[in-house]
Amino acid sequence: MAEKQAKEKPLEKMTAKELRELALTIESMLGVHAMNKAELIAGIKEARGIVDEGKKVDTGAIREAKAAYQALKAKRDAARETASKAELDIMRKKLSRLKKKTRSLAS
């Protein structure tokens with residue numbers, strides 16, 4: 001049993017069923033079967049004394065990426081009539097990358 005706890009995977013990677021089984025072993029947790037995954041994780045962390053710091057989001061980097069996105073979008077809109085299809089495709093791909101970057105920074 002000690003080996004299993006030593007090799008236990010992170011709570012966020014466990015399924016709800018695995019979390020319920022783990023929560024049933026904790027005496028202070030009641031109503032385990034009615035809880036969803038987020039509630040189970042929070043309860044187990046509280047029982048174990050794990051402080052949940054949450055994700056640290058770099059808002060400065062997000063703002064920079066969004067500003068770059070807006071600038072490129074304005075440039076694309078201005079170049080729609082005069083630019084070639086290849087140039088517009090390049091701008092479209094850059095916009096897509098910037099969008100993905102802002103999403104990844106936010107999560």
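The values are calculated or read from the model by the stated rules, or taken from the named source; none is laboratory data. Everything quoted here is computed from the prediction, not taken from an experiment. Ideal geometry is used to build each Cβ from the backbone, glycine not excepted, and the neighbour counts take in all protein chains shown.
Quick one: is I44 modelled with pLDDT of 90 or more and in the same structural domain as E21 (by TED's automatic domain parsing)? Give the steps one after another, and end with the answer.
On the way: modelled with pLDDT of 90 or more: yes; in the same structural domain as E21 (by TED's automatic domain parsing): yes.
Spelling it out, I44 is indeed modelled with pLDDT of 90 or more and in the same structural domain as E21 (by TED's automatic domain parsing).
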Pick from region 33-57, criterion touching a residue at least 12 places away in the same chain (Cβ under 8 Å) and more than 20 Å from E21 (Cβ to Cβ), ranking: surrounded by the most Cβ atoms within 10 Å (Cβ to Cβ): V57
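Are any of the residues in region 35-44 within 30 Å of S96 (Cβ to Cβ), in a helix (DSSP H, G or I), out of contact with any His (no Cβ under 6 Å at 6 or more places or on another chain) and of a type outside the set (S, T, Y)? Working first, answer last.
First, pick out the residues of region 35-44 that are within 30 Å of S96 (Cβ to Cβ): none.
No, region 35-44 contains no residue that is within 30 Å of S96 (Cβ to Cβ), in a helix (DSSP H, G or I), out of contact with any His (no Cβ under 6 Å at 6 or more places or on another chain) and of a type outside the set (S, T, Y).
Residues G31, G60: which one is of a type outside the set (S, T, N, Q) and at positive phi? Give the derivation first.
Working: G60 fails: at positive phi.
Step by step, each of G31, G60 is checked, and only G31 is of a type outside the set (S, T, N, Q) and at positive phi.
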